[in-house]
Amino acid sequence: MSSYGELIQALRVLKNVKEKRHGIKTLASLCSNRAFQVRIVQRGGWRTAILPLIISLDEDCRMYAALAVANLSTSAATHPQLLEEEVLRHLVPILQSEEVQEVIAYVLNALGNFACSEIMWHELQQMNAADGILTILKQTQREEIRINCLFCLANLTADPWHRKWMMGKEVYEIIWSYMQDPNYTIMSYSLAILRGLAVETEAQELFPSMGLVPLLIGIYHSQCPQSLKTLSMDLLLHFSMFKQNAGLMMEKEVAQVIELAGRGTGHVEYVPIGIAIIANICESVDLHDRIVESPLFEVLTEHIHNDNTNVQTHVIRALMQLSLSPKYHHVILTTGAMANVCPIALTQRLSIGMRTNALQMMAAVCATHPTTPTTSDIIDLMFLIVNSEENIDIRRAAALVIANASSDSGNLAGRSQWTGGRCCIGSGVTSEVYQGHWTRIGQVVAIKAITERSAIRPDEQLAFAREMHILTQVQHENLVKFYGVCIDMPPLRIITEFCEGGACFELLHNSDEVDLIWPQQIKMCKDVAAAMCYLHTFDPMIIHRDLKSLNLLLDRPVFGPTDEPVVKVCDFGVAKLQASPEGWGQMTAQAGTKHWMAPEMWRGTKYDEKVDVFSYAMVVYEIVCREVPFEQEEPHLRRNRHILRAKGELNHEKATFRGSSAELKAAQQKYNHGE
């Protein structure tokens, strides 16, 4: 049997008082060991050993028993069983008894620890524990007991019921006398009580009028411990939450402390608090003039690109509030904050409030400066708008940005830049691809246009927006280059580089006269691998989900063994960005084409980026064997070679049909009849 088990058993039967004192003293020491605390309670330590002695006639036994339960209470893991064994029913009455001071001190220590557990709050309310603690605080002359009383009350402020009770009892009036106590521990717990009460709006309004703010400013500038300065800053933060205190926060001495905190002068942990206070002050529109002209605005601009999410959240909130004053829109633009809006709005791991505030700031600025969003911003905003899985507030804010930006005709000028004949080089179910010429750069381009119909389905809009969103972020020699997008009028169009060699599907399966040698095949496989490695190591990771030879374009034609192939991956219509570092979020089943699709995708089970690895293996098989993977395996997908080729020529955006329109129509009829 372990030592604590033997002690518990012995304390049940010992009759000699001296032996009991020694036993309970030893047990109290063991109760301070975190490795034993839960097991001591489970073995009946409180019920059979400590409780009988805490109510015994011997003063020393009571004192060590109280110490034992105080030590046990330091572990939150012991609280549920101790609550079940009605520990509070035995401890709270001791506060009203004529007990020795040491016992009272230890009981208060235990109650303070129990006050940290929400499961204890109701029982403490029912037994009026706070009333007994407050009575002792008023009467005691012993510093240790005063500290433990303040410790209890500070922890009880976490309970909304006890907060309201303390405000009703005007506990802050009693605490006031301890605010400048020479003992820093007493001063710290007193500040902790006021900070806990400052959650209440009543306290936020009342405490500044009592002269607490100058005291907090004095603490910040003093040589007191860092913990006291942190508490004083927390109190200022709570006061700033009450809108009517904004003017007080802008007073010279207070604003100076906020500025120092926001700059991290003295301690870097104050930066989020200082920025949060500034953001709270910015909610008062009538103070915007003073804020922008003060050093507080400079503090905001210093943290525009801060990597700390907490800091960035408050910076965005502050600028969003300032954007409600149109005359400062040009000032906000000079901070460079607009460059962060879309990256923030698109990052799903950030809070909805932060992402919405960023978009609302851009929408407000666009009302007076409609050319603010860049082409990339417009694409990202469209992606948010059409994504039905996105939060509705974010979609509305993104739509408001687009609406305000559309007031400038310059944002709609794009069609005239794309000239040249309408030479169709590919046709699909949802889009057509044309060869065009970009006059501004004097370059041949490919123009992918969503097929013009009476209405575009939401899934087509999302695919279009997803492709634009990804193309604007990635850049690799083996990925098709993105040049721009036209959204001025239907059809929606994506402009990319023109790959003269056409789709690899054509070379591999429709060009039997072209012999590929092994080095060419190796080069093609390496090009695809380089592109996929880039996507899979991108931050956030991107999976293509539709990798196949139809989505691999040749930079230039390959006519024989002497031509070096350069392969580029295209078509990101079903690609997916990783939702967070922990996972992919909800994934669409059967995205892609079944001949190249990993089994987990077409089965509809959970999958990740490894589906691209499977598709890559199918592409390698295609390149080496010049055969369509699994062509004869699935009856519902079995087609003659010329029919499968027709499918590629007809239904994929990047495939090139080299026959006449009559031949195209004939091939389509054969395909429709399953020949």
Here is a check on your reading of the model: is residue 490 in contact with a Ser or Thr (Cβ under 7 Å, 6 or more places away or on another chain) and either at pLDDT below 70 or surrounded by fewer than 20 Cβ atoms within 10 Å (Cβ to Cβ) (or both)?
no
For the condition surrounded by fewer than 22 Cβ atoms within 10 Å (Cβ to Cβ), acidic (Asp, Glu) and at pLDDT below 95, what is the one hit in 181, 159?
181
Looking only at the stretch 499-542, which residues are buried (at least 21 other Cβ atoms within 10 Å of the Cβ) and among the hydrophobic types (A, V, I, L, M, F, W, C)?
499, 503, 504, 505, 507, 508, 524, 528, 531, 532, 535, 542
Residues of the stretch 210-265 classified as modelled with pLDDT under 90 and within 18 Å of residue 279 (Cα to Cα), total
1
If I ask for residues that are touching a residue at least 40 places away in the same chain (Cβ under 8 Å) and within 45 Å of the chain's Cα centre (by Cα), which ones from the stretch 30-65 would you list?
31, 32, 34, 37, 38, 41, 45, 46
Does any residue of the stretch 45-54 turn out to be touching a Lys or Arg at 6+ places or on another chain (Cβ under 7 Å), farther than 23 Å from residue 133 by Cα and exposed (fewer than 15 other Cβ atoms within 10 Å of the Cβ)?
yes
Can you tell me which residues in the stretch 106-133 are aliphatic (A, V, I, L, M), outside any loop (DSSP other than H, G, I, E, B) and crowded, with 22+ Cβ neighbours inside 10 Å?
107, 108, 110, 111, 120, 124, 129, 130, 133
Meets criteria (exposed (fewer than 15 other Cβ atoms within 10 Å of the Cβ) and at negative phi) for residue 562:
yes
Surrounded by 15 or more Cβ atoms within 10 Å (Cβ to Cβ), over 11 Å from residue 281 (Cβ atoms) and out of contact with any helix residue (DSSP H, G or I) (no Cβ under 6 Å at 6 or more places or on another chain) - does that describe any residue in the stretch 246-255?
no
What about residue 189, is it hydroxyl-bearing (Ser, Thr, Tyr), more than 20 Å from residue 224 (Cβ to Cβ) and crowded, with 20+ Cβ neighbours inside 10 Å?
no
Failed item in (1) surrounded by 17 or more Cβ atoms within 10 Å (Cβ to Cβ); (2) at pLDDT 95 or above, with residue 140 passing the rest:
(2)
Residue list for the stretch 179-219, filter: over 19 Å from residue 116 (Cβ atoms), touching a Lys or Arg at 6+ places or on another chain (Cβ under 8 Å) and not aliphatic (A, V, I, L, M)
200
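The values are calculated or read from the model by the stated rules, or taken from the named source; none is laboratory data. Predicted model only: the values in this text are computed from it and were never measured. Every residue, glycine as well, gets a Cβ built from its backbone with ideal geometry; the counts of neighbours run over all protein chains shown.
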